């Protein structure tokens, strides 16, 4: 065994390993809903998907302006720091604020969770949660429907002081009016240089016949279409239905030439690790963890551009404890708390100052934290950030058209 591999084994022994990653359960973009259109999904829930203008009802106010001492928090599994079955971050918050947190890992994917809250929210009723964590495109949908409270940024001083600039004023929520990031990641390319025969820098290399049967593509419509649009020179926010049809045509040709081994969900990671795939669309957090098993695996943001996806904290309309929710949002933007969370979950941290704190922690708690801090998959370089794009905010009609085109590709 090489010294490099011995060191990796020591790191693995020291790190707070999980049996599966948060993304190993169900992927963001409606994994549980398959190729259903939004209209079909809402119809299946027995509710209407009619959009509203959040400003039409006049000035929005919270249900209370007082701290109530209770916070009901809905999150995804394995998406906060854990130590002996408890979260140090939750414990620290409860001690500092005297607010009791009811923390539940009840979100398995965006669409199915949306289905549990859509009916009461559409009827202007409170749901049981004061904070929810959903992905950027779902944030945009819920804003359009008038389902999220506007945030009082006067109570979010830590966000204003410590959030990375790339997370401020996002396309999906201008001025962060309704949400602040929890964690994020990049959709790009993972590859094994030994199997590709060299460096991968372009998304178009996934269309090279020399990789026949060795390329993985995603089942996730938003990811696959967005990277293909970028490879065609189209910025996602400007994409027309004609642009998406051209992207689909390019993907159909890739499939018909036998270049694609399969369209994958979370199982792509195992296929890349086994060597079934030479190159594949990939999520940055997955490749970071795979590198502990095979340090030669690489992740790259394609030169045409990659996707920055962001999971966000938001307060549902009419939440019972909105001020308690704001207290927690502000708390997790303290750099020490952000470092504590990121050291465990290994997704991209929205607080750049956490990087230096993790380096300091490694001096007493082991090199694992230095590995996290030094990884561009957890703290992207400015060059990487400059080439990242957001998903297009799709209208219901666009969503249905895009899903239909993608269904024809994957199922045809």
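The single condition among (1) out of contact with any helix residue (DSSP H, G or I) (no Cβ under 7 Å at 6 or more places or on another chain); (2) over 26 Å from residue 90 (Cβ atoms); (3) assigned to a helix (DSSP H, G or I) that residue 380 does not satisfy is (3).
Residue 229 meets the conditions (1) crowded, with 23+ Cβ neighbours inside 10 Å; (2) touching a residue at least 24 places away in the same chain (Cβ under 8 Å) in every case but one. The failed one is (2). The set of residues in the range 303-342 being in contact with a strand residue (DSSP E or B) (Cβ under 6 Å, 6 or more places away or on another chain) and in a loop (DSSP other than H, G, I, E, B) consists of 305, 321.
May I ask you to list pairs of residues, at least six apart or on different chains, whose Cβ atoms are under 8 Å apart, with the first in the range 186-198 being closer than 17 Å to residue 210 by Cα and the second being surrounded by fewer than 14 Cβ atoms within 10 Å (Cβ to Cβ)? Final answer for the pair search is 192/275; 192/296; 193/199; 193/296; 194/296; 195/275; 197/210. Cβ-Cβ distances below 6 Å connect the following pairs, each with a first residue in the range 160-177 that is in the same structural domain as residue 337 (by TED's automatic domain parsing) and under 23 Å from residue 337 (Cα atoms), a second residue that is part of a helix (DSSP H, G or I) and at pLDDT 95 or above, and a separation of six or more residues or different chains: 162/335; 169/175.
In the list 180, 244, 234, which residue meets the criterion of being touching a helix residue (DSSP H, G or I) at 6+ places or on another chain (Cβ under 7 Å) and part of a loop (DSSP other than H, G, I, E, B)?
Numbers: 180 fails: part of a loop (DSSP other than H, G, I, E, B); 244 fails: part of a loop (DSSP other than H, G, I, E, B).
Exactly one of 180, 244, 234 is touching a helix residue (DSSP H, G or I) at 6+ places or on another chain (Cβ under 7 Å) and part of a loop (DSSP other than H, G, I, E, B), namely 234.
The values are calculated or read from the model by the stated rules, or taken from the named source; none is laboratory data. Just so it is clear, the model here is predicted, and its values are computed rather than measured. Glycine gets a Cβ as well: all are built from the backbone with ideal geometry, and neighbour counts include every protein chain shown.
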